[in-house]
Amino acid sequence: MTGRVAKVLFVDDDPMLLDLVRQLMAGFAQGTWEVLTARDSASALKLLQGNVIDLIVIDVHMPVVDGPQLLKLLQRKYPQLLKVVLTGDATGAYRSECLANGAELFLEKPRQREGWQVIYSTLVELVKFKPESGFRGVLRRVGLQEVLQLECLARNSSILDVSTPHAKGQVFIQDGEVIHAVCGSKAGETAFYFLFGLKGGDFSLHPFIPPGEKTIDKSWESLLMEAAQVCDEAHEPDPPVPDPPDELEREFETALLSKSSVTPSEPKVQAPQAAAFRKAVDEMLICSSQGEVVYDWQCKNVDSRVAFLECVSAKSAQLVHRLPAGSFERVDIEQSDGRLVVQIKSGHTLFVRTRLEAQAAEALRPEGKEEAAVAGA
Amino acid sequence: MKQVLNRWIANHARVPGVLACGLHYPDRTVFSQSMNVAYPPIVLDPVWRCLADTFSVFHHHRIPSEFVRWQYQDAHLYAAIRSDNICCGIFVVQDADTSVHATLRRLLREFKAIPATSSAPVQSGLAASAGGGR
């Protein structure tokens with residue numbers, strides 16, 4: 001976020017408060033923020049369409065579409081957007097609803113200037129915070145492919161910036177046709193396929209500026225088809241990960257392999273073990289890096305689970321912000337009658353819920369591992 | 001109650017491999033104890049608030065949680081929440097001894113069992129068996 005002015009949008013139905021916020025924040029930010037305001041959700045959505053907003057700060061109580069509803073909309077349409085709730089009605093119920101719908105923070109409106117300084121400092125930290133390992137980009141409802149399709153179908157002209165910790169690139173779309181792509185020293189179709197194959201990361205749309213050259217002539221439909229094919233070829237098969245011998249990981253791999261129609265040279269899961277494991281599993285869901293459901297087993301409400309995974313993905317990064325804990329691997333949630341695991345690995349996210357009946361617990365218990373204590377708890 | 005729990009966690013989380021621990025109270029106040037310079041209290045304070053939010057999010061998604069372990073490449077974060085919504089978190093190095101992981105689990109179980117009205121420090125056999133901090 002350094003080197004450019006961050007755009008922060010405040011949405012509140014109280015015009016006096018918006019004036020106050022605009023003045024205070026502009027004063028605190030000293031030119032590092034452009035403060036935009038909207039009095040309702042519709043105006044906010046309009047501003048979001050015409051601007052690249054870094055952070056949106058939303059009130060809870062607003063007419064027609066209230067804060068939590070707007071959050072839900074934004075979570076679907078702009079999952080990468082940083083969202084904060086600022087309200088005078090900071091009840092526990094609103095708090096949990098807003099956080100569950102993608103709000104990074106739930107803040108109470110201050111009554112004094114010092115309080116606003118604290119709010120500003122908090123928001124500055126949030127705007128600065130960009131997860132380096134791409135957790136935020138791990139789960140997205142709208143993928144690169146969808147964005148490209150939407151832009152092309154609408155015959156838009158735009159520049160699509162794609163960024164991961166390892167690569168940055170741009171795709172130029174003019175009147176609904178992809179005319180140029182660049183990524184480091186790569187250009188044209190090679191760059192396009194490379195960008196398309198990147199896992200995680202962020203992407204954003206910017207106003208169109210004609211590129212210095214035109215390197216792509218193919219139709220966007222052909223490009224997307226070929227990109228998907230190149231991706232498939234490049235991604236299979238991942239090398240097996242034999243250690244640690246965890247049933248969940250084996251199941252994860254087995255499900256992925258069966259989905260991608262790749263037959264492993266040696267069976268990874270012995271049949272009786274797999275059967276026992278299956279008996280213990282109540283529910284399983286695997287999502288791709290784009291947030292698409294790759295595999296679903298007995299999942300009653302997929303949307304709700306995907307939303308939960310998005311929350312876990314976001315929280316896992318927030319929890320260790322500025323701490324040297326390393327990249328997120330998994331979260332184990334022990335319940336009175338079972339266990340739940342969310343694991344993010346190789347760009348895929350696994351959700352498994354198991355029950356702890358005696359037999360099932362036995363099936364889950366890896367010999368001599370401390371996981372036994374978890375399963376047996 | 002806060003003093004009791006703060007003292008309890010400060011005394012009992014001194015287990016080999018533990019990097020930091022902390023508590024979050026329903027009034028949004030926190031207590032942080034660092035055992036490693038890379039985990040300073042100023043960075044830890046918001047962590048416990050975020051940790052409490054994660055329990056809130058789990059609850060909203062109808063995912064009850066007795067104990068939670070967040071696993072990262074270099075550290076694990078053990079967490080539990082009591083029925084009075086006081087929440088506890090303990091960071092431990094990823095490669096800690098198996099007995100340490102078991103100790104922390106017992107510690108969290110004990111944390112959940114401390115009576116809400118407790119005014120005296122709770123006795124625990126864990127500190128004696130677990131040794132000093134790192």
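Remarks
- Neighbouring Cβ atoms from other chains, within 10 Å of the Cβ of residues in A:94-106, number 3 on average.
- Solvent-accessible area lost on pairing B with A (1.4 Å probe, both sides summed) amounts to about 3300 Å².
- The heavy atoms of A:Lys72 offer some 110 square angstrom of accessible surface to a 1.4 angstrom probe.
- Whether the range A:6-138 is rounded, prolate or oblate, judged on the alpha carbon gyration tensor where a/c under 1.5 counts as rounded: rounded
- Summed over all non-identical Cα pairs, the Kirkwood treatment of the range A:1-54 gives a radius of 11.5 Å.
- Coupling constants for the range A:62-72 follow from the phi torsions by the Karplus curve (6.51 cos²θ - 1.76 cosθ + 1.60, θ = phi - 60°), and in residue order they are 9, x, 6, 10, 7, x, x, 5, 4, 4, 4 Hz; glycine and proline get x.
The values are calculated or read from the model by the stated rules, or taken from the named source; none is laboratory data. Everything quoted here is computed from the prediction, not taken from an experiment. Virtual Cβ from ideal backbone geometry, glycine too; neighbours counted across all protein chains shown. Protein only, heavy atoms only, side chains kept; ligands, DNA and RNA dropped before computing areas. Shrake-Rupley method; radii C 1.70, N 1.55, O 1.52, S 1.80 Å.
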